[in-house]
Amino acid sequence: MAPESQADAHPPNRDALPRVTRLAPSPTGALHLGNARTFLVNWAMARAAGWRIVLRIEDLDGPRVKHDAATRAIETLRWLGIDWDDGPLVQSDDLSPFVEAMRALAREGKAYPCALTRAEIEDAASAPHGASVSMGSGQPGGESRFPASLRPPLVPREFDDPETNWRFVTPPGHVAFADAFCGPQRLDPSETVGDFVIWTKRGQPAYQLAVVVDDHRQGVNEVVRGDDLLDSAARQILLRRALGIAQDPVYTHLPLVVGEDGRRLAKRHGDTRVEHYRERKVPAERVIGLLARWSGVTDRREPMTPDEFRERFSLERMPRSAVVFTSEDDAWLLG
């Protein structure tokens, strides 16, 4: 059996440090009802427990970032009654902390440049005996599993080519941690994704590295987000270990809101933007009332203020599976 990571399978002592969480919208589009539910729950948990809240704009997704989306996201959060203590802090304003992290990883032989295309990675992974291929140029490998057979020699390097994709050397073995909602987890990124991209050829950090570095420097130790990112927690724990960050955050991964087809909310489900309902004069209390029903606060659709939501919310009553946004929900909002 592969060795288990040193990641603690138990949550760190919540009393050891001030608790800090973050609201981290990505300006790749407007906030939809599913995003709003996660942010509202995060806010309610923080205000009930006395956590500090950081607002962070995660705008390192290259061409997907949309003009003025960050401003609109902030306006939407305020309209819903969600506030914060620090920020907004914008990731792209200062890349130097990410560059320093990359220099440290490269010098310790824990990261290396890689210009392989997705097709080359998939071809190599399916080849007999894990045959390797020559390093070419092209798009990053995305979530295709990157076989260890494609690694170059793991030697100390200088981070001197920031316009090439760089990958993290994923150690073998399971990462164990306790999720505050999903319970004990035991994941092995070396088997699911292999060596993953942490720096992109756009000259910017990839999501996994950016989140780890910013959470550490901003003191974030309570992470509340959708369970589509549950497997990312294991990767981020490995990165924290590689960077010498001693304590992991407490993770709370919540079920997603999906459409009636069972797929995560998207344009195919119609206009589910919070802005859409705001523009149609739907009161914020009505939107919060629907989010409250989706969060186990109430079993019926009823308008609710953000303070009422905060006072009545309990993580123990949160639905254990994905919540479905129905045509009846839409009709009630517009009613």
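The values are calculated or read from the model by the stated rules, or taken from the named source; none is laboratory data. Computed from a prediction, not measured in an experiment: that's the story for all the values here. Positions of Cβ are generated from backbone atoms using ideal geometry, with glycine treated the same way; all protein chains shown enter the neighbour counts. Note: areas computed on protein heavy atoms with side chains; ligands, DNA, RNA excluded. Shrake-Rupley method; radii C 1.70, N 1.55, O 1.52, S 1.80 Å.
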Within segment 75-96, residues closer than 20 Å to A36 by Cβ, outside any loop (DSSP other than H, G, I, E, B) and touching a residue at least 24 places away in the same chain (Cβ under 8 Å) come out as T76, L77, W79, G87, P88
When restricted to V41, V65, the only residue closer than 29 Å to E311 by Cβ and β-branched (V, I, T) is V41
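Quick check on A70: is it touching a residue at least 12 places away in the same chain (Cβ under 8 Å), part of a helix (DSSP H, G or I) and within 23 Å of L33 (Cβ to Cβ)?
yes
Among the residues of segment 92-106, is any among the hydroxyl-bearing types (S, T, Y), under 26 Å from P303 (Cα atoms) and either at pLDDT 95 or above or more than 20 Å from the chain's Cα centre (by Cα) (or both)?
Let us first name the residues in segment 92-106 that are among the hydroxyl-bearing types (S, T, Y), namely 92, 96.
Next, only the ones that are under 26 Å from P303 (Cα atoms) stay: none.
For segment 92-106, residues among the hydroxyl-bearing types (S, T, Y), under 26 Å from P303 (Cα atoms) and either at pLDDT 95 or above or more than 20 Å from the chain's Cα centre (by Cα) (or both): absent.
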Selection from segment 99-112 of residues out of contact with any Pro (no Cβ under 8 Å at 6 or more places or on another chain) and without any contact (Cβ under 8 Å) to a residue 60 or more places away in the chain yields E100, R103
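Residues R235, R240, R293: which one is of a type in the set (K, R), open to solvent by 30 Å² or more (accessible area, probe 1.4 Å) and part of a helix (DSSP H, G or I)?
On inspection, the qualifying residue turns out to be R293.
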When segment 308-332 is checked residue by residue, the ones that are among the basic types (K, R) and within 14 Å of R293 (Cβ to Cβ) are R312, R317
Of the candidates G259, G270, the one satisfying the condition of being open to solvent by less than 10 Å² (accessible area, probe 1.4 Å) and either more than 30 Å from R19 (Cβ to Cβ) or modelled with pLDDT of 95 or more (or both) is G259
V223 meets each of (1) β-branched (V, I, T); (2) surrounded by fewer than 19 Cβ atoms within 10 Å (Cβ to Cβ); (3) in a strand (DSSP E or B) with one exception, condition (2)
With criteria (1) at pLDDT 95 or above; (2) closer than 24 Å to G219 by Cα, D61 comes up short on (1)
Every listed condition ((1) over 19 Å from Q204 (Cα atoms); (2) over 19 Å from the mean Cα position of the chain (by Cα); (3) open to solvent by less than 60 Å² (accessible area, probe 1.4 Å)) holds for D83 save (3)
Return a yes/no flag: does segment 285-302 have any residue that is closer than 12 Å to L40 by Cα, modelled with pLDDT of 95 or more and in contact with a strand residue (DSSP E or B) (Cβ under 8 Å, 6 or more places away or on another chain).
-> yes
Only one of A48, A7, A36 is surrounded by 19 or more Cβ atoms within 10 Å (Cβ to Cβ), among the small types (G, A, S) and modelled with pLDDT of 95 or more, namely A36
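Does R278 meet the test of being assigned to a loop (DSSP other than H, G, I, E, B), touching a residue at least 24 places away in the same chain (Cβ under 8 Å), open to solvent by 30 Å² or more (accessible area, probe 1.4 Å) and more than 25 Å from C182 (Cα to Cα)? If you could, list the steps in order and put the result at the bottom.
Details: assigned to a loop (DSSP other than H, G, I, E, B): no; touching a residue at least 24 places away in the same chain (Cβ under 8 Å): yes; open to solvent by 30 Å² or more (accessible area, probe 1.4 Å): yes; more than 25 Å from C182 (Cα to Cα): yes.
No, not satisfied.
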